[in-house]
1. Hey, among Pro127, Pro101, which residue is in contact with a Pro (Cβ under 6 Å, 6 or more places away or on another chain) and surrounded by 17 or more Cβ atoms within 10 Å (Cβ to Cβ)?
2. Could we say that Ile201 is touching a strand residue (DSSP E or B) at 6+ places or on another chain (Cβ under 6 Å) and at pLDDT below 90 here?
3. Output the residues belonging to the stretch 264-279 that are part of a loop (DSSP other than H, G, I, E, B) and open to solvent by 10 Å² or more (accessible area, probe 1.4 Å).
4. Only one residue in Lys254, Lys225 is farther than 22 Å from Val135 by Cα, basic (Lys, Arg) and open to solvent by 10 Å² or more (accessible area, probe 1.4 Å), so which one is that?
5. Any idea how many residues of the stretch 63-98 are open to solvent by less than 50 Å² (accessible area, probe 1.4 Å), touching a residue at least 40 places away in the same chain (Cβ under 8 Å) and not polar (S, T, N, Q)?
6. Tally time: how many residues in the stretch 296-315 are modelled with pLDDT of 65 or more, assigned to a helix (DSSP H, G or I) and not aromatic (Phe, Trp, Tyr)?
7. Residues of the stretch 207-229 being in contact (Cβ under 8 Å) with a residue 24 or more places away in the chain and closer than 19 Å to Asp142 by Cβ, which ones?
Amino acid sequence: MNANLTVVEENSLSSIEVITAKSMEYIEQAKALNTIKAYRTDFNHFAEWCKTYGLNALPATPQTVANYLTEIIESGMKVSTLTRRISSISQAHQVADLESPTHSMIVRAVMAGIRRNKGTSQQGKIPVLTSDIRVMVEVLPDNLLGIRDRALLLLGFAGAYRRSELVSLNVEDITFARDGLRVLLRKSKTDQEGQGITKGIAYGSHLETCPVRALQQWIEASKIKTGPLFRAINRHGQMQPGRLSDKAVALIVKRQASAAGLDPALYSGHSLRAGLATSAAEAGVNERTIMKQTGHKSENMVRKYIRMGSLFQENASAMVGL
């Protein structure tokens, strides 16, 4: 074979490998980082289970998946977690350009039987309502940590932000206007292409729970001019340069729930987002307006909050004279 041709073929192979690796990066970037991590964790669990029984995880047979689902649901796993495991197994096969065994009749039948037998009701974390947020910020300390947490809690609630969105904000994303705040969210779960979403945060009716004034106080007290909006504060009360983690948001919510006399085990970082939707529904805000603030693309999830928020509106049990 011609030596030059051999070099060309080797270079072409190298180029194809580089392109393939790059395409895999783009596939991963098509989904949120937390979603990718969840897929990997779930599929690794399935792969380890398969290894224990000497079975192939990729490609897996429908019977293997069915057996896996049957065993782990009997171990006490939630139906919602099981559903996510199926998605992870399916994604792994699709990325490998293999037919997914999760679409087979046997897997679908097993899942239908599990749902019927175990039920699909989820015991999720509960929302932080307006009355809760008032107490939570009222008991905050009067120091830099308290100023930061007041701004974080009120902005997270008023903007119905996911915790990852809240900590991704930079000072440059905030614009103070006559009617309130304009907050640019550069990327989110529902905006993976990074087109950006601007939310309006209105002035609060009460000084102590106004998200606009709380954020202004935080920016002034912290003297942050550029970069991450919310940052860690050490035990000496000194602000750190790094961005606050999304896990810290959940810890702050739980800490303040406890300080307010609530059970911290019932709350999470998502409680702020769910709280705005539920509280808005309680106040009679329509579905379209709630979705505009939360950024939900699906009406089903928002309607869940509306049902919860309007549970005691026009309630039959309240109208029969008991």
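The values are calculated or read from the model by the stated rules, or taken from the named source; none is laboratory data. It should be emphasised that the depicted structure is a prediction, and the values quoted were computed from it without experimental measurement. Every residue, glycine as well, gets a Cβ built from its backbone with ideal geometry; the counts of neighbours run over all protein chains shown. SASA here: full protein model, heavy atoms, side chains in, ligands and nucleic acids out. Shrake-Rupley method; radii C 1.70, N 1.55, O 1.52, S 1.80 Å.
1. On the way: Pro127 fails: in contact with a Pro (Cβ under 6 Å, 6 or more places away or on another chain).
Sole residue among the options that is in contact with a Pro (Cβ under 6 Å, 6 or more places away or on another chain) and surrounded by 17 or more Cβ atoms within 10 Å (Cβ to Cβ): Pro101.
2. Working: touching a strand residue (DSSP E or B) at 6+ places or on another chain (Cβ under 6 Å): yes; at pLDDT below 90: no.
In short, no.
3. Initial filter on the stretch 264-279 (part of a loop (DSSP other than H, G, I, E, B)): 267-269.
Within the stretch 264-279, Tyr267, Ser268 meet the criteria.
4. Being farther than 22 Å from Val135 by Cα, basic (Lys, Arg) and open to solvent by 10 Å² or more (accessible area, probe 1.4 Å) holds for just one of Lys254, Lys225, which is Lys225.
5. Looking only at that region, the number is 8.
6. We begin by selecting, within the stretch 296-315, every residue modelled with pLDDT of 65 or more; these are 296-307.
Filter once more, so that each one left must be assigned to a helix (DSSP H, G or I): 299-307.
Still in the list and also not aromatic (Phe, Trp, Tyr): 299-304, 306-307.
The number of residues fulfilling the criteria is 8.
7. So the first thing to find is which residues in the stretch 207-229 are in contact (Cβ under 8 Å) with a residue 24 or more places away in the chain, and the list is 208-212, 214-219, 221-222, 224-229.
Scanning the stretch 207-229 gives Glu208, Thr209, Cys210, Pro211, Ala214, Leu215, Gln216, Gln217, Trp218, Ile219, Ala221, Ser222.
Rundown of residues vs (1) modelled with pLDDT under 85; (2) in contact with a His (Cβ under 8 Å, 6 or more places away or on another chain); (3) aromatic (Phe, Trp, Tyr); (4) in a helix (DSSP H, G or I), yes/no style:
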residue	(1), (2), (3), (4)
Lys31	yes, no, no, no
Gly54	no, no, no, no
Ala57	no, no, no, no
Asn67	no, no, no, yes
Asp97	no, no, no, no
Val107	no, no, no, yes
